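Structure, as structure tokens:
The values are calculated or read from the model by the stated rules, or taken from the named source; none is laboratory data. Since this is a predicted model, take the numbers as computed values, not measurements. Neighbour counts are summed over all protein chains in view; Cβ atoms, including those assigned to glycine, are modelled from backbone coordinates with ideal geometry. Calculation scope for accessible area: heavy atoms of the full protein, side chains included, ligands and nucleic acids excluded. Shrake-Rupley method; radii C 1.70, N 1.55, O 1.52, S 1.80 Å.
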Amino acid sequence: NMIHVAQWSCTAALFRQSGKLLNKGQFLILYGPFKICNKHTSESNYFFDNSLKMQNSLWGIRNLEEVSDEGKKNSFFQQEIINMPANNFLIIYRKDSN
């Protein structure tokens, strides 16, 4: 997952370009830390987020709902969220139309 170490426009581009390349029923999978309801899921993610923002103010752990909204703009719908080790998530998006 690169979206936390890139500016927001990269997240938009990821969904936009994936929407052009993937067909209906195919998946886009994101892995990494996310905020849920704009709240960090762990203290370590809070510190990691601050560390990222100190390196570049455009970086940071993204709010899952905002990421999913960006997906919806490109016909991707959040199908599943899987908790992973080290306070990360695996987010599975399914493309709904061509």
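Beta bridges from DSSP with both residues in the chain: antiparallel share about 95 percent, rounded to the nearest 5. Between TRP8 and ASN50, the FRET efficiency estimated from the beta carbon spacing at R0 = 22 angstrom works out to 0.80.
Match the structure shown to one of the listed values (1) 7.9; (2) 5.7; (3) 10.0 of mean projected area of the Cα convex hull in nm², computed from it, and give that label. Among (1) 7.9; (2) 5.7; (3) 10.0, the one calculated here is (2). Calculated accessible area for the chain comes out at 58 Å² per residue, all protein chains present (probe 1.4 Å; ligands, DNA, RNA ignored). For the chain, the fraction of 1.4 Å probe accessible surface lying on carbon and sulfur atoms is 54 percent.
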